[in-house]
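The values are calculated or read from the model by the stated rules, or taken from the named source; none is laboratory data. These figures come from a predicted structure and were not determined experimentally. Positions of Cβ are generated from backbone atoms using ideal geometry, with glycine treated the same way; all protein chains shown enter the neighbour counts. These area figures cover heavy atoms from the full protein model, side chains too; ligands, DNA and RNA do not enter into them. Shrake-Rupley method; radii C 1.70, N 1.55, O 1.52, S 1.80 Å.
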Amino acid sequence: MAVTIVPFGRTRAGEEVLAGRIENAAGMAVTVLDYGATIQSVCVPDGRGGRVDVALGYDTVAGYEAGDGYLGATIGRVGNRIGGARFSLNGEEYDLAKNDGENHLHGGLRGFDKYVWDMKAVPGGLACSRISPDGEEGYPGTLEVTVTFTLSEDDALAITYEARTDRDTPVNLTNHTYFNLNGGGSVLDHTLRLAAHRFCENGAGCLPTGRMLAVEGTPFDFRRPKPIGRDIGADDPQLRVGGGYDHSFDLDGGPAAVLYSAQSGLEMTVETDLPGMQVYTANFLSPRPGKGGAVMGPREAVCLETQLHPNAMNCWGFPSPVLRAGKTLVTRTCYRFARR
Ligand code: GAL
């Protein structure tokens, strides 16, 4: 395994941004930026002598700073939405930034995706760390976070999230990579299998209501592999809310997802110890130039964001995201690639 760290650019404020590259003997290579602890590229050998970069992204720091799509980024302190940008904890009310209508999204006005982290090489990969100070974006407690990206010789990219706080606080870390197993173009012909017989019902603004709906007999049934595009245009109230799939699936256990493209022959299996996964078909990704000048847009990728269910602080019955003072949170998600 070869790990190298080289300069990538500078932020508007003049901070240096580094790119770490992990490459295995089989030729799979992953680039991670210290800006946002962001996965900038995932180049997977296609078995025909070429490599497909299966992650959408930008060539410049400016792209990441300007972009609103969280491409490849680590999301925190709390991924996805918190209704009314408010929660109560230990009898106290906390007000957060409203950066998505009335709601709080992906950590607020300046989430973890918009900071330069400390990055260093570790065995098999790269570790990114940052300290989120007490009160950052309205959250209580100083949170120490380390996100470690490792690549195995059999083409599995693992992300381990570790966090520790000095005061009780909600934490829900995820990665927001937009996957396209052909390297670009529509994702609607990719097949997807999800190990989930329920998903979180969304209300207005894609905010979970706290109810779970059965996938059975709905466009949300991916228990057998099905093209993402097969039912995405169905006349279904849940699909209308977010203009496509943008829902947290309640995972049954075993591999959470298998994504496959017949065009490239690449398959990606997602494994996680987390109970939920946001399936997001890039509905809000307004057209913009990405790597190599290629234009990216809606439905050109799918995000499979392993997580605790959104709005869990306000939904009784969802697994709690509260990390207690002095406790360490450790979760792991793995994206495993194969050729079929
Ligand atoms: C997703 C979220 C979408 C949208 C997107 C970023 O995780 O579910 O509703 O906010 O991030 O554009």
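Charged neighbours of P219, selected by a Cβ distance under 10 Å, balance to -2 (K, R count +1; D, E count -1). Under the criterion of Cα pairs below 8 Å and six or more residues apart, the relative contact order for segment 194-303 equals 23 percent. With the simple model of a label 7 Å out from the Cα in the direction of the Cβ, R211 to Q263 spans 3.7 nm. Its relative contact order, with pairs defined as Cα atoms under 8 Å and 6+ residues apart, puts segment 122-224 at 16 percent. In the chain, inverting the average of 1/r over every pair of distinct C-alpha atoms gives 20.0 Å as the Kirkwood radius. 3J(HN,Hα) along segment 54-70, derived from phi through the Karplus expression 6.51 cos²θ - 1.76 cosθ + 1.60 where θ = phi - 60°, amounts to 8, 10, 6, x, 10, 8, 10, 4, 4, x, 5, 5, 7, x, 10, x, 6 Hz, with x in place of Gly and Pro. A cut-off under 9 angstrom between Cβ atoms defines the neighbours of W117, and their net charge, with Lys, Arg +1 and Asp, Glu -1, is -1.
Measuring r between the beta carbons of R230 and A338 and using R0 = 25 Å, the FRET efficiency lands at 0.60. Take the Cβ atoms of S320 and T11, set R0 to 30 Å, and the FRET efficiency comes out at 0.30. Roughly to the nearest percent, how much of the accessible area of segment 65-186 is carbon and sulfur, given a 1.4 Å probe? Looking at segment 65-186 in its full context, I get 45 percent from C and S. Taking a straight Cα-Cα cut-off under 23 Å and skipping sequence neighbours fewer than 8 places away in the same chain, the lysines within cross-link reach of K114 are K98, K291.
Under 20 Å from a label point set 7 Å out along the Cα-to-Cβ vector of R51, the amide N atoms of segment 269-309 belong to 269, 290-294. Set against the 2.2 N^0.38 Å expectation for a compact globular protein, segment 171-275 has a Cα radius of gyration ratio of 1.07. Distant-in-sequence amide contacts of V116, defined by a placed amide H-H separation under 5 Å and a gap of 5 or more residues or a different chain, comprise G36.
Sorting the segments 117-124, 243-250 by their residues' average number of neighbouring beta-carbon atoms within 10 angstrom, most packed first, yields 243-250, 117-124. Accessible area per residue for the chain, computed on protein heavy atoms with a 1.4 Å probe, is 38 Å². Mean residue ellipticity, 222 nm, helices only, the chain: the sum of -39500 (n - 2.57) across DSSP H runs of n ≥ 4, divided by residue count and rounded to 500, is -1000 deg cm²/dmol. Amide H contacts of F8: V17, L18, A19, each under 5 Å away and 5 or more positions distant or on a separate chain (H built 1.01 Å from N in the peptide plane; Pro and chain starts excluded).
Computed from backbone phi, the HN-Hα couplings of segment 26-37 come to 7, x, 6, 9, 10, 10, 10, 9, 6, 6, x, 6 Hz, rounded to whole numbers (Karplus: 6.51 cos²θ - 1.76 cosθ + 1.60, θ = phi - 60°; Gly and Pro given as x).
Note on D273 and S88: their simple-model spin labels are 3.3 nm apart, each label 7 Å out from Cα toward Cβ.
In this rough spin-label picture, where each label sits 7 Å from Cα along the Cβ direction, the D95-D189 distance is 5.2 nm.
Within segment 265-309, the proportion of Cα pairs with more than 15 Å between them is 57 percent. Counting Lys and Arg as +1 and Asp and Glu as -1, what is the net charge of the other residues whose Cβ lies under 15 Å from the Cβ of S132? Result for the neighbourhood of S132: -3. One quarter of the convex hull surface built on the alpha carbon atoms of segment 183-340 amounts to 10.6 nm², the projected area averaged over directions.
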